[in-house]
Amino acid sequence: MDEQALSLKLRIENAVSERFGEVIDAAGTGAGGAELARLVEHRSHRKFTPQAIDAGLLRMLFACALSAPSKSDLQQADIVHVADRAKVKTIVTLIPDMPWIDDAPLFLVFCGNNRRIRQIGLMRGKPFVNDHLDHFMNAAVDAGLVMMNFIRAAEAVGLGCCPISAVRNHCGRVSELLGLPDHVFPLAGLAVGYPALPGKISPRLPLDVTVHTDHFDETLLTEKIDSYDHRRHQLQPYRRQRHMDLYGTSGFYGWSEDKARQYSVPERADFGEFIRSKGFTLG
Ligand SMILES: Cc1cc2nc3c(=O)[nH]c(=O)nc-3n(C[C@H](O)[C@H](O)[C@H](O)COP(=O)(O)O)c2cc1C
């Protein structure tokens, strides 16, 4: 193994071990090593330099993003480039606790678009008789895959990104601001720029919680989550505890406590109503 291959192997193994607490031999990754290293070293970025992104490069990143697979080749994902800084500022005002939206030189909104297929039905004189939840989900999944492809392409050229689902806390306002018509909905925003800091790998649940063989398996789930909480706490303890007004201060504050607290309070309960107002029946 040459020096470059060895260094990639070590990068992959170190990142996997930090992420999952498991040692996986990366010897077999061959020519794919550079891409795998980027995937396992992924981190969201929330601090950016002011350096602008070249327009030609951005066009290429859009092409990479929209090369993602698409359910039935329906191509139900669109990207809104929020180039007007006044519009970005309006979004920043709506989401003041995420200043990275303002810092980033680029802000995008990834949308599910179930409108075009309906327009195509009209163009071709055919009824559209699939107004149900699966159709909404197909558009949402396509938009998620396109956003992920954008992130992968951006990370490959040294950019960093932070998805912003908080745009859905204000979906009516954001939709109005961006002129999103019926059957087009925001999935998430994306703050993009050249990272000002290296960032950190965020530890994930162990693979034996999230990967199942032949049969869904929750054996020792509580113990595995406890152990993940402690491993994660050693690497990246939470700086703040959520909803202390409701739950006080926890002696040990791990990921599961944070997530349980987060979802003990209603969040985005009006999203279904917004989606129905966009013309979806979700039947
Ligand atoms: C669909 C989606 C929406 C997200 N929304 C936000 C957001 O509104 N604000 C934010 O700071 N991070 C957001 N994130 C980033 C997550 O917090 C981040 O991916 C997670 O903490 C794991 O960290 P990592 O991406 O560095 O591995 C979002 C991520 C995804 C995939």
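In this rough spin-label picture, where each label sits 7 Å from Cα along the Cβ direction, the Arg276-Gln4 distance is 5.8 nm. If one takes the longest principal axis of the Cα atoms in the chain, at what angle in degrees, from 0 to 90 and to the nearest 10, does the Cα axis of helix 85-94 lie? Computed tilt is about 70 degrees.
Backbone geometry of segment 166-181 corresponds, through the Karplus equation with coefficients 6.51, -1.76 and 1.60 at θ = phi - 60°, to 3J(HN,Hα) couplings of 4, 4, 6, 5, 9, 5, x, 5, 5, 5, 5, 4, 9, x, 6, x Hz, x marking Gly and Pro.
Computed from the C-beta positions of Asp245 and Thr213 and an R0 of 41 Å, the FRET efficiency is 0.40 to the nearest 0.05. As a proxy for reagent exposure, ranking Val109, Val184 by other Cβ atoms within 10 Å from fewest up yields Val184, Val109.
Gain on full extension, evaluated as 0.36 nm per residue between Gln75 and Leu221 minus their Cα-Cα distance, stands at 48.8 nm.
Taking the C-alpha atoms only, the angle from helix 3-20 to the longest principal axis of the chain is near 80 degrees. The calculated FRET efficiency for the pair Lys259 and Ile120, based on their C-beta separation and a Förster distance of 45 Å, comes to about 0.65.
Per residue, the convex hull spanned by the Cα atoms of segment 207-262 amounts to 89 cubic angstrom. Taking a ≥ b ≥ c as the square roots of the Cα gyration tensor eigenvalues, segment 30-93 comes out oblate, since a/c reaches at least 1.5 and a/b does not exceed b/c. Lysines within cross-link reach of Lys9: Cα-Cα under 23 Å, excluding same-chain residues under 8 positions apart? Leaving aside lysines fewer than 8 places away in the same chain, those within reach of Lys9 are Lys200.
Computed per residue of the chain from DSSP H runs no shorter than four, each worth -39500 (n - 2.57), the mean residue ellipticity at 222 nm is -13500 deg cm²/dmol. Remark on Leu106: its backbone amide H falls under 5 Å from those of Val192, a criterion applied only to residues 5 or more positions apart or on other chains, H modelled at 1.01 Å from N. Applying the Karplus relation 6.51 cos²θ - 1.76 cosθ + 1.60 with θ = phi - 60° to segment 276-282 yields 3J(HN,Hα) values of 5, 5, 7, x, 7, 8, 6 Hz, where x marks Gly and Pro. Backbone amide hydrogens, once placed in the peptide plane, bring Phe48 within less than 5 Å of Ala196, excluding anything fewer than 5 places away on its chain. What do you get for the angle between helix 55-65 and the principal long axis of the chain? Use alpha-carbon atoms, 0 to 90 degrees, nearest ten. Roughly 80 degrees between the two axes. Kirkwood's formula applied to the C-alpha pairs of the chain gives a hydrodynamic radius of 21.3 angstrom. Of the chymotrypsin sites (Phe, Trp or Tyr not before Pro) found in segment 204-277, those in coil by DSSP whose Cβ has at most 15 other Cβ atoms within 10 Å are Phe216, Tyr238, Phe252, Tyr263.
How would you classify segment 34-156 from its alpha-carbon gyration tensor, with a ≥ b ≥ c the square roots of the eigenvalues: rounded for a/c under 1.5, else prolate if a/b is greater than b/c, otherwise oblate? In terms of gyration-tensor shape, prolate.
Distance between the modelled labels on Gln51 and Ala196, one decimal in nanometres: 1.5 nm (7 Å Cα→Cβ projection).
Between the amide H of Ile164 and those of Gly189, Leu190, Ala191, distances stay under 5 Å, these residues lying 5 or more places away or on another chain, with hydrogens modeled in the peptide plane. Distance between the modelled labels on Arg173 and Ser17, one decimal in nanometres: 4.7 nm (7 Å Cα→Cβ projection).
We did not get these values from a lab; they are worked out from the coordinates using the rules stated. None of these values were measured; they are calculated from a predicted model. Using ideal geometry, Cβ is built from the backbone for each residue, glycine included, and neighbour counts are taken over all protein chains shown.
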